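**Q** Structure in structure tokens, see below.
The values are calculated or read from the model by the stated rules, or taken from the named source; none is laboratory data. The model shown is predicted, which means the values in this text are computed figures rather than measured ones. Here the Cβ is made from the backbone with ideal geometry for all residues, glycine too, and neighbour counts use every protein chain on show. For accessibility, only protein heavy atoms count, side chains too; no ligands or nucleic acids. Shrake-Rupley method; radii C 1.70, N 1.55, O 1.52, S 1.80 Å.
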Amino acid sequence: QVQLAESGGGLVQAGGSLRLSCAVSGRYDMGWFRQAPGKERDFVAGIMWSGGSTVYEDSAKGRFTISRNNAKNTVYLQMNSLKPEDMAVYYCAAKLPGSWPKRMSSEYEYWGQGTQVTVSS
């Protein structure tokens, strides 16, 4: 059973930054998703297990950066220039290495418990 644990969420003013972390052990492709109240869980960014390829949802491009340090078993999501519309619960998710990229939540097998990101205007 793969266990994922997110951290780093919190309250930030619009224009500010946060870095989310996700602890994961093992060889998995990883994704970050977010879910706002009353909305579906949406893809934000993904990274292959090797770190060799990343993919972003359009609104995240240029503001968010996904990275990983496999020696530390950690995946990161650096979020800059945050906007009120970025406010959501952020989840990290893992899938076995294979076809890439994957943007659908149904394509990821394992999920963390989520961390709240609140952006004040």
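**Q** Pull up the range 22-38, narrow it to residues that are more than 17 Å from Gln113 (Cα to Cα) and modelled with pLDDT of 95 or more, then point me to the one that is farthest from the chain's Cα centre (by Cα).
**A** Among those residues, the one meeting the criterion is Gly38.
**Q** While we're looking at this one, here's another question. Do any residues in the range 59-73 that are more than 17 Å from Met48 (Cα to Cα) have Cβ atoms under 8 Å from those of residues that are open to solvent by 40 Å² or more (accessible area, probe 1.4 Å), where the two are at least six apart or on different chains, and which pairs are they?
**A** Matching pairs, first to second residue: Ser59/Glu85; Arg63/Asn80; Arg63/Ser81.
**Q** Related question: Gln3 is checked against (1) at pLDDT below 95; (2) on the phi > 0 side of the Ramachandran plot; (3) open to solvent by 60 Å² or more (accessible area, probe 1.4 Å) and fails just one. What number does that condition carry?
**A** (2)
**Q** Moving on to the next point. Residues in the range 40-57: is at least one modelled with pLDDT under 95 and surrounded by 15 or more Cβ atoms within 10 Å (Cβ to Cβ)?
**A** yes
**Q** Which of the residues that make up the range 58-75 are in a loop (DSSP other than H, G, I, E, B), closer than 15 Å to Cys92 by Cβ and among the charged types (D, E, K, R)?
**A** Lys72
**Q** Starting from residues that are open to solvent by 20 Å² or more (accessible area, probe 1.4 Å) and either part of a strand (DSSP E or B) or hydroxyl-bearing (Ser, Thr, Tyr) (or both), keep the ones in the range 81-114 and report whichever is nearest to Ile66 (Cα to Cα).
**A** Ranking the candidates gives Tyr91 first.
**Q** Here is a list of conditions, (1) assigned to a loop (DSSP other than H, G, I, E, B); (2) farther than 21 Å from Val2 by Cβ; (3) within 13 Å of the chain's Cα centre (by Cα), and Arg19 meets all of them except one; can you say which number that is?
**A** Every listed condition holds for Arg19 apart from (1).
**Q** Right, here's the next one. Specify which of the listed residues (Gly38, Gly52) is free of Cβ contacts under 8 Å to residues at least 12 places away in the same chain, of a type outside the set (Ser, Thr, Tyr) and farther than 20 Å from Pro97 by Cβ.
**A** After ruling out the rest, the residue left standing is Gly38.
**Q** Looking at (1) within 13 Å of the chain's Cα centre (by Cα); (2) more than 14 Å from Ala45 (Cα to Cα), which is the one condition that is false for Glu109?
**A** (1)
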